[in-house]
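Working notes, beginning with the structure itself.
The values are calculated or read from the model by the stated rules, or taken from the named source; none is laboratory data. Please read all numbers here as calculations on a predicted model, not as lab measurements. Every residue, glycine as well, gets a Cβ built from its backbone with ideal geometry; the counts of neighbours run over all protein chains shown. The protein model used for the area step is the full one, side chains on, heavy atoms only, and it has no ligands, DNA or RNA in it. Shrake-Rupley method; radii C 1.70, N 1.55, O 1.52, S 1.80 Å.
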Amino acid sequence: MLLVALVLVGGAGYAVWSNLESLTGLTNPLESKDFPGPGGDQVDVEIPEGATGTAMGEALYDAGVVASVSAFTKAFEENPDSVLIRPGTHTMLEEMPASDAVALLVKNDTVDLQLTIPEGYTADQIVERAVQVTGLPAKDFRAALKDPAELGVPKQAGGKVEGWLYPDTYMVKPDDTAAGLLTRMVDRTKGLLQEKGVPAGQWESVLIKASLVEREGMHAEDKPKIARAIENRLDDKTFLEIDAAVAYGADKPGTELTRADLNNAKNRYNTYEHTGLPPGPIANPGEVSIDAVLNPAPGDWKFWVTVNLDTGETKFAEDFQEHQRNVQELREWQAANG
């Protein structure tokens, strides 16, 4: 009788797992079904951000691509390139062998477009890149930028979106709109600031400082020092004298600034003529620059200058005389390198 009871329980257990597999994609732990291949009709499968191998297997099982989640996860774990699989909509085949499904995902032939925004891009540069990649009309982006509040930009930004469009890689779906993409960028910025515990009332000032650091620092290790130098100058209520800010307000590259530009007090971003922070961010900073502002390096620096424009080597100084020696080093480099 005991043997019969165990058989009955085992049979019931098998029936339960069979039902669970059909309802949820979970598979019988005693069985790892796999299709023989080679595969049938095409089917699009969405692989979400941060999906585990099991989550991918469940999505593929639900779409009829693989015969079981366990077969897929086994193939996923055995393929060292599975870590390369990117999120997005992948075109797969119905009834594929699990190993073939993993190999096809690794190729990353996604249906979605990938829009990558580099750190330090301005809003205008972001729009230009987005138009090129997505094919969406520039006028749609321009129209969306006219109403930052609709994009989720807080009031403290003063009706400007600069600084709030987080640089990252975004998956673009066929039904995405210009406003929708920009909103996602704003949401990423707000989410990051919340994640780092920045009080909401300080978001704009943090982004202004981070944008200055972003455009002034070429190397990650220099950025906390630049952030400290900015804080030291603000504490002393002296001019920041940041060329990148002047160039932003003058709407020209920093390499084309003239003495007249540096003396133009009508440019509200002219940090040679106006003390304190500029009226808004001058670019859209990345996480490294934001972290630098939140955790500036300890030091008494008040000056910095890039002395080698090829390598980005930057030197810092506590007083003007030392800074002038560093500037002279830059001049010598320029003379030697045309």
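Computed values, structure above
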{"read-out": "In degrees, nearest ten, helix 203-216 long axis to first principal axis of the chain (Cα)", "value": "80"}
{"read-out": "Inter-centroid distance (Cα atoms) of the stretch 30-91 relative to the stretch 201-256, Å", "value": "47"}
{"read-out": "The stretch 151-305 - percent relative contact order, Cα under 8 Å, separation 6 or more", "value": "32"}
{"read-out": "Local electrostatic count, residue 97, Cβ distance below 13 Å [Lys/Arg +1, Asp/Glu -1]", "value": "-3"}
{"read-out": "Coordinate range along principal axes, alpha carbons of the chain, Å, largest first", "value": "95, 43, 43"}
{"read-out": "Residue among 131, 158, 118 farthest towards the positive dipole end of the stretch 85-176, charges placed on Cβ", "value": "158"}
{"read-out": "Farthest positive-ward along the chain dipole, Cα basis, beta-carbon charges - from 308, 36, 88", "value": "308"}
{"read-out": "Check: the stretch 175-235 dipole with +1 on Lys, Arg Cβ and -1 on Asp, Glu Cβ, in debye", "value": "180"}
{"read-out": "The stretch 207-337 - accessible surface per residue (Å², probe 1.4 Å)", "value": "50"}
{"read-out": "Simple label model, 7 Å out from Cα along Cβ direction - residue 94 to residue 234, nm", "value": "6.0"}
{"read-out": "Candidate lysines for bridging to residue 74, where Cα separation is under 26 Å - those fewer than 8 sequence places away on the same chain excluded", "value": "33, 107"}
{"read-out": "Sequence-distant residues sharing a close amide H with residue 89 (under 5 Å, placed H)", "value": "47, 111, 112"}
{"read-out": "Whole-Hz couplings from phi, Karplus 6.51/-1.76/1.60, listed for the stretch 133-149; x for Gly and Pro", "value": "7, 8, x, 5, x, 4, 5, 5, 5, 4, 5, 5, 5, 6, 10, x, 4"}
{"read-out": "Relative contact order (%) - criterion: Cα under 8 Å, at least six apart; region: the chain", "value": "13"}
{"read-out": "Sulfur and carbon atoms: percent of accessible area, the chain [1.4 Å]", "value": "52"}
{"read-out": "P(r) weight above 16 Å for the stretch 171-216, C-alpha pairs, percent", "value": "51"}
{"read-out": "Integer Hz, Karplus 6.51/-1.76/1.60 couplings in order for the stretch 94-104, x for Gly and Pro", "value": "5, 6, 8, x, 4, 5, 5, 5, 5, 4, 5"}
{"read-out": "Over 22 Å (Cα to Cα) - which of 155/252; 173/209; 160/190; 196/225; 146/237 fall in this group", "value": "155/252; 173/209; 146/237"}
{"read-out": "Assigned charges on the beta-carbon of Lys, Arg, Asp, Glu; the chain dipole about Cα centre (debye)", "value": "1120"}
{"read-out": "Percent of Cα-Cα distances greater than 17 Å, calculated over the stretch 173-285", "value": "61"}
